[in-house]
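**Student:** Here it is, the structure, as structure tokens.
A short reminder: the numbers here are calculations on the coordinates, not readings from a lab. The structure displayed is predicted, hence computed values, not measured ones. Cβ placement follows ideal geometry from the backbone for every residue including glycine, while neighbour counts extend to all protein chains displayed.
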Ligand code: MN
């Protein structure tokens, strides 16, 4: 019976735009500033204070609209969305309603829960993209037994991206959000830091018999992590499916997700009415976007992460997993490609970036833009490993020293005696010492117990402080014992 039902999901995503100042005034956008210190008559809504549109916010929204193939409207309008809330001193939010900045558009994302033969990439249609301002925050943990209001966030620029109900499973919704987040980060539109509330999601879901008209949907508000989006949607799909299975009706309502209990709960009824009495914002002229500006925005778009991931597989022959890791952020992808260019060996470049470089960054707790070894210098090191000057294993140590000291690979290898020893004379001494130290194991290896070869190579590596060429060492041991 469940196979004949279809889950239909749509998302509204509020994205905090990475601007220096607020949407309609010059106050700084600064997370964590002392409460109520980044406010002025405009964002507090004092009578007579006039808003002015932040051009940088418009540009970031245009960038997003262009990257999502949305239709950018030459003229859009700001509107007042009226509601009363303690963190909204103006009594209304300036948003866009009937004529948003952009409509249409799409982002292709495959549904991980799709049945066999149905898992191909699905274009998720975008309904609209509009600009608005954020509200302040009520704080319940600052004053004993009382609620405080911080209005620093009031007026911070937001972009709202609304999808059509094209998502077919909670996993699909989560995959869409991950792809959208990656795109927004590539576009440098937002820091997308969910812990700071830079990305907030409202998700609506209905369950309907396959192929029929829309079922009754419920909306879960203000989800602050992708995991919670998926869990809340899974809960709602179950709950609605259960109601329909018992012949009962789903009530259209707005819900909150209680992550601790793991269930949705109805919000106050005030929120369900949704009579915002939108009307055109009288203090702002229509927003007119020049065709030339749009052209410039389009021309400056970076390669979208999805394309880049596919290109890494075809152009460099990287496995799907590696292509995903190396395109997770634009900075990692840029660094990898620079190393690949410097060495002419993309496989080796990918291997070094995914292992040694990322391990170093994880240990330091830094992002790749702070990695002290430039792509050219890592390219040199990879070349020295390829030429056998230093072993791959010792190369990792050399990279760590390069990061710590700022010196080049060749300098460190020479100064610290890390050059790989391939000379049979010196290798022979270590091999002889290793065999002499373990006569019993040597006999067993001679008698055909092949796995002891690794034991002796390891012994030589220790004796040589890691500089012996392991391949040549193994050859030499075999030859000595064969004699
Ligand atoms: Mn909104």
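**Student:** To two decimal places, what compactness ratio does the chain give when its Cα radius of gyration is scaled by 2.2 N^0.38 Å? Each step should come with its number before you reach the end.
**Tutor:** Working: Rg = 29.9 Å, N = 483, 2.2 N^0.38 = 23.0 Å.
It is 1.30.
**Student:** So what's the gap between the Cα centers of region 414-474 and region 5-36, to the nearest angstrom?
**Tutor:** A separation of 61 Å, based on Cα centres.
**Student:** With an 8 Å cut-off on Cα pairs and a minimum separation of 6 or more residues, tell me the relative contact order of region 361-438 in percent.
**Tutor:** Working: 46 pairs, mean separation 19.7, N = 78.
Relative contact order here is 25 percent.
**Student:** Now for a different question. Where Rh denotes the Kirkwood radius from the mean inverse Cα pair distance, what is Rg over Rh for region 1-85?
**Tutor:** On the way: Rg = 18.3 Å, Rh = 16.4 Å.
That ratio equals 1.11.
**Student:** Sticking with this structure for a sec: If I take every Cα pair under 8 Å that is 6 or more residues apart in region 233-358, average their sequence separation and divide by the length, what percent do I get for the relative contact order? Intermediate values should be presented prior to the final figure.
**Tutor:** Numbers: 66 pairs, mean separation 14.5, N = 126.
Relative contact order of region 233-358: 12 percent.
**Student:** List residues of region 121-158, by number, whose backbone nitrogen lies under 20 Å from a label position 7 Å along Cα→C-beta of residue 36.
**Tutor:** Under cut-off, by backbone N: 134-156.
**Student:** Moving on to the next point. Taking square-rooted eigenvalues a ≥ b ≥ c of the alpha carbon gyration tensor, is region 125-258 rounded, prolate or oblate, where a/c under 1.5 means rounded and, failing that, a/b exceeding b/c means prolate?
**Tutor:** Working: a/c = 2.30, a/b = 1.43, b/c = 1.60.
Because a/c hits 1.5 or more and a/b fails to exceed b/c, region 125-258 counts as oblate.
**Student:** Now, a different point. For region 431-483, I need the span (max minus min coordinate) of the C-alpha atoms along each principal axis, in Å, sorted largest to smallest.
**Tutor:** That gives 29, 19, 18 Å along the principal axes, largest extent first.
**Student:** If you don't mind, there's one more thing I want to ask. Give the relative contact order (percent, whole number) for the chain; include only Cα pairs under 8 Å separated by 6+ residues.
**Tutor:** On the way: 822 pairs, mean separation 65.9, N = 483.
Relative contact order, the chain: 14 percent.
**Student:** Here is a further query. Could you work out the pair-distance distribution P(r) of region 185-240 from its alpha-carbon pairs, with 5 angstrom bin width and percents rounded to whole numbers?
**Tutor:** Taking every Cα pair in region 185-240, the percentages come to 4, 18, 21, 18, 15, 11, 8, 6, 0.
**Student:** By how many degrees, 0 to 90 and rounded to 10, does the Cα axis of helix 452-463 deviate from the longest principal axis of the chain?
**Tutor:** Value to nearest ten degrees: 90.
**Student:** By count of other Cβ within 10 Å, fewest leading, how are 14, 140, 172 ordered?
**Tutor:** On the way: 14 17, 140 10, 172 23.
Neighbour counts put them in this order, fewest first: 140, 14, 172.
**Student:** Given Cα positions, please report Rg to Rh for region 293-355, the hydrodynamic radius being the Kirkwood one. Walk me through the numbers before you get to the answer.
**Tutor:** On the way: Rg = 12.7 Å, Rh = 12.1 Å.
In region 293-355, Rg relative to Rh is 1.05.
**Student:** Averaging the inverse of every distinct alpha carbon separation and then flipping it gives the Kirkwood radius. What is it for region 84-148, in angstrom units? Write out the running numbers ahead of the final one.
**Tutor:** Details: mean 1/r = 0.0624 Å⁻¹.
Answer for region 84-148: a Kirkwood hydrodynamic radius of 16.0 Å.
**Student:** Which value, to two decimals, describes the C-alpha radius of gyration of region 51-161 once divided by 2.2 N^0.38 Å?
**Tutor:** Values: Rg = 18.5 Å, N = 111, 2.2 N^0.38 = 13.2 Å.
In units of the 2.2 N^0.38 Å rule of thumb, it is 1.40.
**Student:** May I pose another question? With no solvent and one equal point scatterer placed on each C-alpha of region 294-412, evaluate the Debye formula and give log10 I(q)/I(0) for q = 0.12, 0.19, 0.22 Å⁻¹, two decimals.
**Tutor:** Log10 I(q)/I(0), no solvent term: -0.44, -0.99, -1.25.
**Student:** Further question: Can you tell me the order of 458-470, 209-221, 346-358 when each peptide is scored by its average per-residue count of other Cβ atoms within 10 angstrom, highest first?
**Tutor:** Taking the mean over residues of other Cβ atoms within 10 Å, the ranking is 346-358, 458-470, 209-221.
**Student:** Another question, then. Hey, what angle do you get for helix 470-482 against the long axis of the chain, alpha-carbon based, 0 to 90 degrees rounded to 10?
**Tutor:** Computed tilt is about 30 degrees.
**Student:** When a/c is below 1.5 the answer is rounded, else prolate if a/b is larger than b/c, else oblate, so apply that to region 235-359 with a ≥ b ≥ c taken from the square roots of the Cα gyration tensor eigenvalues. Present the calculation step by step, with values, prior to reporting the outcome.
**Tutor:** Details: a/c = 3.35, a/b = 1.55, b/c = 2.16.
Oblate, since a/c reaches 1.5 and b/c is not below a/b.
**Student:** Using only Cα atoms, find the angle between the long axis of helix 226-245 and the longest principal axis of the chain, and express it within 0 to 90 degrees, rounded to the nearest 10.
**Tutor:** It is inclined by approximately 60 degrees.
**Student:** OK, next. Eigenvalues of the Cα gyration tensor times 5, then square-rooted: what semi-axes does that give for region 349-448, in whole angstrom, largest first?
**Tutor:** 34, 16, 12
**Student:** Of all DSSP beta bridges located in the chain, what percent are antiparallel, nearest 5? It would help to have the intermediate numbers written out before the result.
**Tutor:** Working: 55 of 59 bridges.
Approximately 95 percent, going by the DSSP bridge assignments.
**Student:** Right, another one. What are the extents of the Cα atoms of region 222-305 along their three principal axes, in Å, largest first?
**Tutor:** 57, 39, 27
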